[in-house]
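Bear in mind that the values in this text are calculations on the coordinates, not laboratory data. The shown structure was predicted, so the numbers you read here are calculated from the model rather than taken from an experiment. Neighbour counts are summed over all protein chains in view; Cβ atoms, including those assigned to glycine, are modelled from backbone coordinates with ideal geometry.
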Amino acid sequence: MTRRREDDPGPRNRAQGALFLGPGLLYWVVLFLAPVGLILVYSFFRRSSIGGVDFTFTLDNYIRATEPLFLRVFWFSLRTALLTTAIALVLGYATAYFIATRTPRWRLPLLVIVVLPFWTNLLIRTYSWIALLNNEGLINKALRSLGLIDEPLPLLNNQFAIVVGLVYAFLPLMVLPLFASIERLGPRLREAGADLGASSVSVFFRVTFPMTLPGVFAGCIFVFVPSLANFIVPDLLGGGLKLMVGNLIQQQFFAARDWPFGAALAMGVILITMVLLVLQALMLRREGRMSSRGA
Amino acid sequence: MAREPGAVMDRTLGAVTGLVYVFLYAPIVVLVLLSFNRSGQSTTWGGFSLKWYGEMFAAEDLIDGLKNTLIVATVTTVIATALGTMLAIGLARHVRSTALDSMLFLPAVVPDLVLAIGLLSFFTLIGLTLGRTTVIASHVVFDMVFVAAIVRTRLGFFDPSIEEAAQDLGASRWSTFHRVTVPLIAPGIVAGALVAFTLSFDEFIIAFFTAGPTAITFPMRVYSRIRFGLTPVVNAIATVMLLVSFTLLLLALKVNGSATRRAIERAEGE
């Protein structure tokens, strides 16, 4: 007798599943897969004289994307997104760890306080940073009245301001997955390590941190990917002086009306996203194998 | 002996967390203060005034944007909640596939700019005029995925054998669905709908590309005001919206919190 595998839903269930999944899947194919696929297709075409798409095959867009001018923008975007992710990881890990080690009744309120700003318009909150960072802004005024500086610090319209804005926008997306994976460990793990005489710092780096890697990876992707393609923060806080690849793409679709070139630039972003997602899937699979062996 | 470094670390982490909270709330405090600033400038304090709250009602561009956004967010939420809930049930109960799972959740990971230019290209190619319909169609793409993720989590909380038991006791598949499954996952559906509404309400980038000139949303109006530096009225409206959403959220938290506390007490009693 063949026993049904537990995760095999069986034929009748599968037919019902199609009924439930059908509408959403269809929607997904038409309004997600097709549009994103279209970006790939357009990236190999030429721009027509009226700003539309001329359907003749070309590699020109990709060749143009590797010109030093554009490579520099890509490099700046990568550096900025990496710096943002690193800062968000350190701040986010400390916050998530602190919240996860409180008593259960404090955890939810503390976590909600992190997520709460998400419920107000990001554009307005980003704009508020201008009032904080500019030469006459609150931070410079405070530092000057404390006598710490004579000249205002250049806090606005540079990479620093962009990184502040991006960390600010995406930090909650780092805290949430980290919190989930740290809380899952429970307090026992650390107690066990402490009983064996290891100091908390070494318990942390040898036991806790490796076990939260899935959360670290998820958080880093949630912060890195939208930072890389952002065009609002560099626009508002970078003063439009420092372009990121998101600004370039946006320009191709509006002012420059060169959709195929914009599509080729977007393919760069898509490619980086895909590589990160594949790496994450591989890591999760390894993690799964290791924990099933351990059990 | 191991306790000493632990306590120091705990205090350090507490300090960092405190700074993170200051970092997250500083711009919000600034925005609320500026909404009461008579001078209307972000750098000089001209005294307390409510005049920007009075001018709020005369800001036709913002009111019109708010109207569009409310329509878009409401319709999007209805469609996305229906599609997302069905997806969640299908994925949790009928077709288990990690590959399908991660593929379906891609719209939540792909940068919104990429989705935005793809949708703009697609709508233009098939000859759709940009307007409310195209914004709604676009917002449903990512909203549906968030609803599915939230409802799925809820479905994971209870045992499918409850549904099987109902069917064994003679309930038809339909009545099992709407009298057992739906009530059990209702909190998940409500939470999903709330998140869907919030995401659509606040969404800027995709709307910026797919709204066209007739369906300019509230965030788009805010963006153009910010670019021209016309922000005191925006600050006033943002403060009002802040108050509304914080109140709603605290209410939700209180309801949810007392339910959680009861659950904890019950678990501790055992």
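Tell me, how many Å apart are the Cα centres for region A:153-183 and for region B:116-135?
Each part reduced to its Cα centre gives a spacing of 32 Å.
Can you give me the angle between helix B:3-34 and the longest principal axis of chain B, using Cα atoms only, in degrees from 0 to 90, rounded to the nearest 10?
The answer is roughly 50 degrees.
Give me Rg/Rg_expected for chain A, where Rg uses Cα atoms only and Rg_expected = 2.2 N^0.38 Å with N residues. Provide the component values of the computation, followed by the final result.
On the way: Rg = 24.0 Å, N = 295, 2.2 N^0.38 = 19.1 Å.
Taking N as the residue count of chain A, the ratio is 1.26.
When the helices in the protein assembly as shown are scored as -39500 (n - 2.57) per DSSP H run of 4 or longer and the sum is shared across all residues, what 222 nm value do you end up with, to the nearest 500 deg cm²/dmol? Provide the component values of the computation, followed by the final result.
Values: 27 runs with 408 residues, N = 565.
My calculation for the protein assembly as shown gives -23500 deg cm²/dmol from helical runs alone.
Alpha carbons only, please: Rg and Dmax for chain B, in angstrom.
23.4, 73
May I ask you to sort A:R125, A:R289 by Cβ crowding, counting other Cβ atoms within 10 Å and putting the fewest first?
Working: A:R125 23, A:R289 10.
The most exposed by this proxy come first: A:R289, A:R125.
For A:L138, A:L26, what's the fewest-to-most ordering of other Cβ within 10 Å of each Cβ?
In order of increasing Cβ crowding within 10 Å: A:L26, A:L138.
What list of ³J(HN,Hα) values in whole Hz, one per residue of region A:95-109 in order, does the Karplus curve 6.51 cos²θ - 1.76 cosθ + 1.60 (θ = phi - 60°) give from phi, with Gly and Pro shown as x?
With coefficients 6.51, -1.76 and 1.60, one gets 5, 4, 5, 4, 5, 5, 9, 7, 5, x, 6, 8, 4, 4, x Hz.
Obtain the radius of gyration and the Kirkwood radius of region B:41-179 from its C-alpha atoms and give Rg over Rh.
So for region B:41-179, dividing Rg by the Kirkwood Rh gives 1.17.
Just the Cα atoms of the protein assembly as shown, one point each, no solvent: what log10 I(q)/I(0) does Debye give at q = 0.09, 0.10, 0.13 Å⁻¹?
-0.78, -0.97, -1.58
In whole angstrom, how far apart do the alpha carbon centroids of region A:217-277 and region B:41-97 sit?
Distance between centres, Cα-based: 24 Å.
Return, for the Cα atoms of region B:78-145, the radius of gyration and Dmax in Å, separated by a comma.
13.6, 39
Ordered by residue, what ³J(HN,Hα) values in Hz, to whole numbers, does region A:272-288 give under the Karplus form 6.51 cos²θ - 1.76 cosθ + 1.60, where θ = phi - 60° and Gly and Pro are x?
Using θ = phi - 60°, the values come out as 4, 4, 4, 4, 5, 5, 5, 4, 5, 4, 4, 5, 4, 5, 4, 4, x Hz.
Using only alpha carbon pairs under 8 Å that are at least six residues apart, calculate the relative contact order of chain B and give it in whole percent.
Relative contact order, chain B: 29 percent.
For a paramagnetic label modelled at 7 Å from the Cα of A:V201 toward its Cβ, which residues of region A:89-116 fall within the zone defined by backbone nitrogen distances under 17 Å?
A:94
Please list, in chain and number order, the residues 5+ apart from A:R46 or on another chain whose amide H is under 5 Å from its amide H, with Hs placed from the backbone.
Amide H neighbours of A:R46, under 5 Å, 5+ apart: A:D54, A:T56.
For a footprinting-style exposure proxy, rank A:S77, A:S43 by other Cβ within 10 Å, fewest first. Display every interim value, and only then the final one.
On the way: A:S77 26, A:S43 23.
The order, fewest Cβ neighbours first, is A:S43, A:S77.
Filter the chymotrypsin sites (Phe, Trp or Tyr not before Pro) in region B:143-251 down to the DSSP loop ones having no more than 14 other Cβ atoms within 10 Å, then list what survives.
For chymotrypsin sites (Phe, Trp or Tyr not before Pro) across region B:143-251 that sit outside H, G, I, E and B with at most 14 neighbouring Cβ atoms in 10 Å, the list reads B:F158, B:F228.
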